[in-house]
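The values are calculated or read from the model by the stated rules, or taken from the named source; none is laboratory data. None of the values given here were measured: they were computed from a predicted structure. Note that we place each Cβ from the backbone using ideal geometry, even for glycine, and neighbour counts take in every protein chain shown.
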Amino acid sequence: MNKKLKLFLGISYLLILFTFLYFIFTQIEITRLNDFSYYKEIQFNIDSFIGDKLYINLIIFFLFTIIWIVLLGFGSPLLIISGILFGKWIGTAISLLSISTGALILYSTANFFFKDLINKILEKRISKHIDLFKKNEFYYFFVFRLAGGLGIPFPLQNTLPVIFNMKKMNYFFSSLLGFVPGFFIFNSIGFGINKFIKEADNFSFLDLVFTKEIYFPIIVFIIFLIVSLLIKKKFFNVRNK
């Protein structure tokens, strides 16, 4: 059963990925990729399309994101895209809700089907943290999410609590709250890219980087990384006795 489910998830993931890439690349005029006005046209079309059918597109993005996360997709590209499509505020809100929901479904699935396998793979790597999480699973997993998952790949972050059998409500809300700073930063960068394309006459990498809507979130992101390292040092550098 486990092998069949893994095969199904893998094939489904690849089908969704290739369908998505096919849709994207069939809509792109490759001969115009060096033409900045082409990106302005795309931006205008996106704004018009999203604005005309905002709620429908939010539902589509919500469902796609859940499927993407359940099939072990990474979150960062979706955060940039949601910022481009919906702006930093709505983009942050929809990505928080959809990614947290997708992560919860992935966690529940992994806990039901792959608990023994996950324990075998991860238990030795994080054995020194298991007792720490069990003391206050909500608080420490919130801090873990807040710290960006301590450099652990996003799909593994989402399944890691299987090891200490975390309660689903604690998992969802600690993720939802812990995601807020990082998600807002990435959505702000996506919003900044969209605004730059809309307002600039010509593309310049330096102009893009030094746009307030870009450089400010990047500075905040760097500060966030430093804070994450401090959080890791304070809360998770537990020495084995």
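Quick look at the numbers
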item: Residues that are in a helix (DSSP H, G or I), under 13 Å from the mean Cα position of the chain (by Cα), hydrophobic (A, V, I, L, M, F, W, C) and more than 19 Å from E213 (Cα to Cα), drawn from the stretch 62-96; result: F62, F64, I66, I67, W68, I69, V70, I94, L96
item: Filter result for N170 (modelled with pLDDT of 85 or more and under 30 Å from S37 (Cβ atoms)); result: no
item: Residue tally, condition among the polar types (S, T, N, Q) and within 14 Å of the chain's Cα centre (by Cα), over the stretch 141-192; result: 5
item: Qualifying residues in the stretch 89-133 (those that are surrounded by 14 or more Cβ atoms within 10 Å (Cβ to Cβ) and among the hydroxyl-bearing types (S, T, Y)) - the one modelled with the lowest pLDDT; result: T109
item: Pairs where the first residue, in the stretch 212-223, is within 15 Å of K195 (Cβ to Cβ) and surrounded by 14 or more Cβ atoms within 10 Å (Cβ to Cβ) and the second is aromatic (F, W, Y) and modelled with pLDDT of 80 or more, C-beta under 8 Å, 6+ apart; result: E213/F191; E213/F196; I214/F196; P217/F186
item: Residue selected from the stretch 222-241 under the condition of a type in the set (K, R) and more than 14 Å from G149 (Cα to Cα), by the criterion modelled with the lowest pLDDT; result: K241
